[in-house]
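The values are calculated or read from the model by the stated rules, or taken from the named source; none is laboratory data. These numbers come from a predicted model, not from an experiment. For neighbour counting, all protein chains shown are included, and Cβ atoms are generated from backbone atoms with ideal geometry for every residue, glycine included.
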Amino acid sequence: MVDDAENAQAAETDAEHASAEKKGGGLIKIIIVLVVVGVAVVAGWLVAQMILTPPVEDVGEEATPVEEVSESLGDIYDPENPPGVLEFSDPFLIRLRKPPGLMHGDVYLKMSLTLEVASEEIKTEMEANQAVMSRISDTIITFMASKFPEEIETLAWGKLKDDLQTMINTQFPEAYYVTRVNFREFVVQSR
């Protein structure tokens, strides 16, 4: 009888140990599952970022040829026939379009520029007309705010200047056409 009681008690103790091991093993399994799920979520997020973020152009190690820089600068200055230069007293601070995949923060452009027009007389006439200056400012802000950061951080400023000049010129008669855009300050910053 004593042997049966000891055997029963030993069996009960073995069953408790087995039950405790199963409970401990279950906890370990839950932890492993949570870690695997966490890793899968992070990996999925990283893959989504890589797929949704547009590629940035590789500038490479090569320098920009002098011919390309010269083309973006435009015509040679003629001291015999100086242009009028429209200046804006304050720099423009513009929030750029948010690239796909950028979840937090915005990208801003701080830009100062001058616009050349046909003559000093035209410049004086344009500056005297508040509606003209307001429309020019609005066109600059609207045009630049439509751009992604990658579109303006490249070396293709010649095209950017030409496109901005065209946008401004579509707003006015030919006498008020801008003949050249000059950047004085051009800073892109993420927040």
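Could you list, in sequence order, all residues of segment 169-191 that are of a type in the set (A, V, I, L, M, F, W, C), surrounded by 14 or more Cβ atoms within 10 Å (Cβ to Cβ) and more than 24 Å from the chain's Cα centre (by Cα)?
PHE172, VAL178
Looking only at residues in segment 153-166 that are crowded, with 18+ Cβ neighbours inside 10 Å and among the hydrophobic types (A, V, I, L, M, F, W, C), which one is nearest to LYS98 (Cα to Cα)?
Among them, the one singled out is LEU160.
Before we move on, is ASP138 acidic (Asp, Glu), touching a residue at least 24 places away in the same chain (Cβ under 8 Å), loosely packed, with under 14 Cβ neighbours inside 10 Å and out of contact with any Gly (no Cβ under 7 Å at 6 or more places or on another chain)?
Criteria not met by ASP138.
Looking at this structure, is LYS147 among the charged types (D, E, K, R) and in a loop (DSSP other than H, G, I, E, B)?
Answer is yes for this residue.
crowded, with 17+ Cβ neighbours inside 10 Å and within 17 Å of LYS110 (Cα to Cα), is that true of LYS123?
Against the criterion (crowded, with 17+ Cβ neighbours inside 10 Å and within 17 Å of LYS110 (Cα to Cα)), LYS123 does not qualify.
Here is a yes/no grid of residues against (1) assigned to a loop (DSSP other than H, G, I, E, B); (2) of a type outside the set (Gly, Ala, Ser); (3) modelled with pLDDT under 95; (4) in the same structural domain as MET133 (by TED's automatic domain parsing):
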{"position": "THR154", "(1), (2), (3), (4)": "yes, yes, yes, yes"}
{"position": "LEU160", "(1), (2), (3), (4)": "no, yes, yes, yes"}
{"position": "ASP163", "(1), (2), (3), (4)": "no, yes, yes, yes"}
{"position": "PHE172", "(1), (2), (3), (4)": "yes, yes, yes, yes"}
{"position": "ALA175", "(1), (2), (3), (4)": "no, no, yes, yes"}
{"position": "VAL181", "(1), (2), (3), (4)": "no, yes, yes, yes"}
{"position": "PHE186", "(1), (2), (3), (4)": "no, yes, yes, yes"}
